[in-house]
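First the structure, in the form of structure tokens, and then the observations on it.
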Amino acid sequence: MDDSVRPELSLVDKALRLLAGGARVLQLRMKHTPPREALAAARAVVARCREAGCVCLINDRVDLALLSDAHGVHVGDEDLPPEAARELLGPARYVGVTARGTEGARAALAAGADYVGVGPLFGTTTKVVQAPVLGLEAFRRVVADSPLPVVGIGGVGLANIAQVAATGAHGAAVVSDALLAQDIAERVRQLAAAFDSARGTGL
Ligand SMILES: Cc1ncc(COP(=O)(O)OP(=O)(O)O)c(N)n1
Ligand SMILES: Cc1nc(C(=O)O)sc1CCOP(=O)(O)O
Ligand SMILES: [Mg+2]
């Protein structure tokens, strides 16, 4: 979830709707939220996730992850290096790392990552990504080569999530397709059902 998509909804409200739909992992991405508000939101969202049995990761901010007792953090090239995130978080929390291809996924393993977020899989309007769109074929090659679980990100939605799942990817990260839906919880249910029924089918 993201603070810039559906900004009229509070972060906790968005989290509750995503959790009502059965979201299994929730990443809190707060690029436009002041630090004190971000800490309060992280604490509230992590608590709701824990009640729901959902893993909660904080994007970028290891400090907020620790202060909110989140399950872990996601870091990319512009964030703390994965080794430093691990040093602060210890072995019991997740460190996810962004990779743009096979080399990046291997490097993430060497750096101690637990999973890689690989993208942009398709075009996205949520963020200006400084990397080319991978497309399904290149993504499939990363999945086949990666020693770590791969989560596809960027432009994933109900129209293509089955194709993402068919590559054998461990997961798909969805922002706008879920948050812009009229019924967010129902959209999450549909996304998860489509992913589960196509996972690893190679379609
Ligand atoms: C699951 C997942 N994969 C990739 C990213 C992107 O992280 P990053 O490259 O640090 O970019 P920002 O999200 O911080 O703009 C992600 N957040 N989650
Ligand atoms: C946050 C993010 N990171 C990406 C990357 O490729 O690193 S793409 C992306 C945006 C994902 O949002 P949506 O599901 O709305 O396309
Ligand atoms: Mg980042």
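Throughout, read-outs are computed from the coordinates displayed, never taken from laboratory work. In this text, all values refer to a predicted model and were calculated from it rather than measured experimentally. Cβ: placed from backbone, ideal geometry, glycine included. Neighbour counts: every protein chain shown.
Size of the chain: Rg and Dmax of its alpha carbons, in Å, are 15.8, 46. Here the range 79-198 is treated with +1 on each Lys and Arg Cβ and -1 on each Asp and Glu Cβ, and its dipole about the Cα centre works out to around 80 debye.
Counting every other Cβ atom within 10 Å of each residue's Cβ, Asp145, Asp60 order from fewest to most as Asp145, Asp60.
Using only side-chain charges placed at the Cβ, +1 for Lys and Arg and -1 for Asp and Glu, the dipole size of the chain relative to its Cα centre rounds to 300 debye. Dipole of the chain computed with +1 at Lys/Arg Cβ and -1 at Asp/Glu Cβ about the Cα centre; of Gly104, Thr124, Ala194, farthest Cα towards the positive end is Ala194. Here is the result for the range 110-203: no trypsin sites (Lys or Arg not before Pro) lie in DSSP coil with at most 11 other C-beta atoms within 10 angstrom of their C-beta.
Taking amide H as placed 1.01 Å from N in the peptide plane, the amide H of Asp2 sits under 5 Å from that of Arg29, each at least 5 places away or on another chain.
Among the DSSP helices (H) of the chain, those spanning at least 18 angstrom by Cα along their long axis with an average Kyte-Doolittle hydropathy of -0.5 or more are 35-52, 184-198; this is a geometric and hydropathy rule only.
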